[in-house]
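What follows is a single structure, written as structure tokens, with notes after it.
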Amino acid sequence: MIELTNLSFAYKNKAPLFDRLSLKITEGNIYGLLGKNGAGKTTLLKIICGLLFPQQGTCNVLGFAPQKRSADMLKEIYFIPEEFYTPALKINEYVLLYAPFYPNFDPQALENYIATFDLPTNEQLTSLSYGQKKKFLIAFGLATNIRLLILDEPTNGLDIPSKSQFRKLLAAAMDENRTIIISTHQVRDIGNLIDPIIILDNGKIIFNQTTESISRKLSVKLQKTEPDETDALYSEKTLGGYVVINENRGETDSNLDIELLFNAVINNQQHMSELFAREA
């Protein structure tokens, strides 16, 4: 599906952001791409889409080199950036103009998505709120039935009911031939969707694991007393005590809060890397 090999990239007159970065992404999964501000998440997504070009290494997406921007590749990719442009068109005019680029576009599915998001259809897109525009682009992207859907901060601007609808629509749209990549800081909005989880830090992939592997390797518990730093991988003060992440030493598999996991990986990179490098 996607394979990056020894990829290097730098913006003009800047230090390298990626240096020999490698990554494989397979079909049939919703990947979560997490990282602090400036970690390189959006840049990585743009390289995958062919909007930015690596200086070294290779990037293969669906069997194509993205920088060539071939029509055969573009008809199978839909990218919704955090900041986007919407033309002065009504929804039906937008569909007439852009749907032909996607051979598997499903107009009935789009109609259903628009109804679910309760979007007005008789107004120009430019007159809609930021959240409404984003909901339309999500609806259109799902209706294209492309193989690779890339979403950068998709829940920003969505109200609480819309976030719930977004999760349901995305889960229902998944199949073994489609891959979705979601880059976000709002991990609580998509925590039950993403699997595997990729964490990018300072231009390096420091974590890339399935939720099954995470629950098998790590355990989380609440305790009233301060944890032993020599035993705990990570802990946070909370109401009534501490929430603590430890190595799972035979306990039952646990469901780990993704925000807590992210903080644990960022703050204890070496230990976490060593732990997940061990065979199960």
Of the conditions (1) surrounded by 17 or more Cβ atoms within 10 Å (Cβ to Cβ); (2) touching an Asp or Glu at 6+ places or on another chain (Cβ under 9 Å); (3) at pLDDT 95 or above, Ser8 clears all except one; give me its number. (1)
Per the list (1) outside any strand (DSSP E or B); (2) more than 18 Å from Ala143 (Cβ to Cβ), residue check on Thr86 breaks on (2)
Restricting attention to the stretch 234-279, the residues that are of a type in the set (Ser, Thr, Tyr), at pLDDT below 90 and either within 23 Å of Tyr31 (Cα to Cα) or in a helix (DSSP H, G or I) (or both) number exactly 1
In the stretch 186-214, which residues are modelled with pLDDT of 90 or more, out of contact with any helix residue (DSSP H, G or I) (no Cβ under 8 Å at 6 or more places or on another chain) and either in a loop (DSSP other than H, G, I, E, B) or not basic (Lys, Arg) (or both)? Ile198, Asn202, Gly203, Ile205, Asn208, Thr210, Thr211, Glu212
Taking the stretch 66-95 as the search range and keeping residues that are of a type in the set (A, V, I, L, M, F, W, C) and over 25 Å from Gly50 (Cα atoms), which one is surrounded by the fewest Cβ atoms within 10 Å (Cβ to Cβ)? Ala88
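The values are calculated or read from the model by the stated rules, or taken from the named source; none is laboratory data. Being a predicted model, the structure only gives us computed values, none of them experimental. Neighbour counts run over all protein chains shown; Cβ positions are idealised from the backbone, glycine included.
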